[in-house]
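Read the structure below first, then the notes.
The values are calculated or read from the model by the stated rules, or taken from the named source; none is laboratory data. All values derive from a computational prediction rather than experimental measurement. All Cβ positions, glycine included, derive from the backbone under ideal geometry; neighbour counts span all protein chains shown.
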Amino acid sequence: MLSLQVLYQPGAVIHLLVMCFILETAYGQDNRNNLFSVNMKISPIKNANEFTVEITITSNVDECMAVKVSTEDKPNIKYLSAHAAYTACVCATNNFFWDIQVSANSVLRGKAEVVPAKGICPDGEKIYPVTTYMRTTAREISVTP
């Protein structure tokens, strides 16, 4: 009980508040560890062993951010259109698509990373002040013989 009486002194409370600010616990409500979510969906196309890959990026903050989205290059995955990396200004939810042909069972990995917003997000948009953040996702693709 005596140890708790120390907290009733004004100087101790100020020291505790200063320590909290130094440790950045004031950002307890901030979403720094979860700026956006990444979801990958792989759907078959009419032709055998051809799929559409859809990566959905959903922002978890109120500001916009520039996000670069890409998929891993693998020898048994052929990109029917192009093996493109997309960069877009994500303010809510954005979808990105690739058409692929798979020659053997594989795991496809997708990556989304925040990049500098200059030239990507329109002027006047409220931009989240983080320039380094990355999330990945992976899905298994099974081909039919």
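Out of the residues in region 46-73 that are out of contact with any strand residue (DSSP E or B) (no Cβ under 6 Å at 6 or more places or on another chain) and under 16 Å from Val143 (Cβ atoms), state the one that is surrounded by the fewest Cβ atoms within 10 Å (Cβ to Cβ).
Applying the filter and picking the extreme gives Lys46.
Taking region 108-145 as the search range and keeping residues that are among the β-branched types (Val, Ile, Thr) and exposed (fewer than 11 other Cβ atoms within 10 Å of the Cβ), which one is farthest from the chain's Cα centre (by Cα)?
Thr144
Would it be correct to say that Ala112 is hydrophobic (A, V, I, L, M, F, W, C) and either modelled with pLDDT under 95 or part of a loop (DSSP other than H, G, I, E, B) (or both)?
In short, no.
Identify, from the list Asn60, Asn33, the residue that is within 14 Å of Arg135 (Cβ to Cβ) and at pLDDT below 90.
Asn33
Pull out all pairs, ordered by first then second residue, where Cβ-Cβ is under 7 Å, the residues are six or more apart or on different chains, the first lies in region 86-106 and is among the acidic types (Asp, Glu) and in a strand (DSSP E or B), and the second is surrounded by fewer than 12 Cβ atoms within 10 Å (Cβ to Cβ) and at pLDDT below 95.
Hits for this filter: Asp99/Ser81.
Counting only residues that are of a type in the set (S, T, N, Q) and closer than 30 Å to Ala104 by Cα, how many does region 114-145 have?
Count: 4.
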